[in-house]
Amino acid sequence: MIFEMRTYTLRPGTLPQVTERFAEALPGRVKLSPLGGFWHTEVGTLNRIIHIWPYKDVEERGRIRAEAIRQGVWPPKIQEFVNDMETKVLIPAPFSPPFAERELGGIYEFRTYTYAPGSMPKVIQSWSERIEARTKLSPLVAAGYTEIGPLNQWVHIWAYKDAGERQRIRDEAVRQGVWPPQRPPEVVMLKQENLLAVPARFSPLR
């Protein structure tokens, strides 16, 4: 499986129109493949929407996207509202849960770590040793590394009831010594990014 994470930066004040147009176009699009989730940023760079689409593989992604255009059901008509677009295709870690309709919380945290080339096998190994204990405190939504787009990125998504719960659980994970995973000395982290986002009413994950 792969999943595509598309991030659009919108002109300020246009989020309601964009969200509504997505909602209107979505019934035709999800007949071809399911939506993983849809959010807008609340903390971090504002006026961004994030939508995730799971696929069997890159070939299925290409076929379905072409069919959506052929049928005229996608993309939604939002061109005049978009300042910037970014897409990443990620390979999920072995412990990453499948995308399914679930009610997990009101705040989703998207964390992106950039590592030196060749680090991903060690990152997955170190996470595998701690992830069971960590997910007893709050659910992991997804974790994977980039295959298409900016490379050597590790993206992990966590759900919380609200920002207060997020802080409490992160403090508890550190107190218990279950998180963060130990980074091997040979694994070099170059950059960390973080944002908090709110799910749309039509998001399967909310």
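Given the conditions (1) among the β-branched types (Val, Ile, Thr); (2) over 28 Å from GLU193 (Cα atoms); (3) surrounded by 18 or more Cβ atoms within 10 Å (Cβ to Cβ), and given that ILE69 satisfies all but one, which numbered condition is not satisfied?
The number of the failed condition is (3).
Taking segment 33-87, which residues are under 20 Å from the mean Cα position of the chain (by Cα), more than 22 Å from ALA100 (Cβ to Cβ) and charged (D, E, K, R)?
GLU42, ARG48, ASP84, GLU86
Given the conditions (1) crowded, with 18+ Cβ neighbours inside 10 Å; (2) assigned to a strand (DSSP E or B); (3) in contact with a Ser or Thr (Cβ under 8 Å, 6 or more places away or on another chain), and given that THR9 satisfies all but one, which numbered condition is not satisfied?
(1)
Residue check: is SER119 buried (at least 19 other Cβ atoms within 10 Å of the Cβ), at pLDDT 95 or above and of a type in the set (S, T, N, Q)?
So SER119 passes the test.
Mind checking which pairs have a first residue in segment 19-33 that is within 13 Å of LYS77 (Cβ to Cβ) and a second that is of a type in the set (Lys, Arg) and outside any helix (DSSP H, G or I), Cβ under 7 Å, 6 or more apart or different chains?
ARG21/LYS77
Within segment 17-36, how many residues turn out to be outside any helix (DSSP H, G or I) and either surrounded by fewer than 18 Cβ atoms within 10 Å (Cβ to Cβ) or among the β-branched types (Val, Ile, Thr) (or both)?
The total comes to 4.
Which pairs turn up if I take residues in segment 181-192 that are touching a residue at least 40 places away in the same chain (Cβ under 8 Å) and look for partners that are of a type in the set (Val, Ile, Thr) and surrounded by 10 or more Cβ atoms within 10 Å (Cβ to Cβ) with beta carbon separation below 7 Å, at least 6 apart in sequence or on another chain?
What qualifies is VAL187/VAL123; LEU190/THR114; LYS191/THR114.
The values are calculated or read from the model by the stated rules, or taken from the named source; none is laboratory data. Worth saying up front: this structure is predicted, and the values here are computed from it rather than measured. Every residue, glycine as well, gets a Cβ built from its backbone with ideal geometry; the counts of neighbours run over all protein chains shown.
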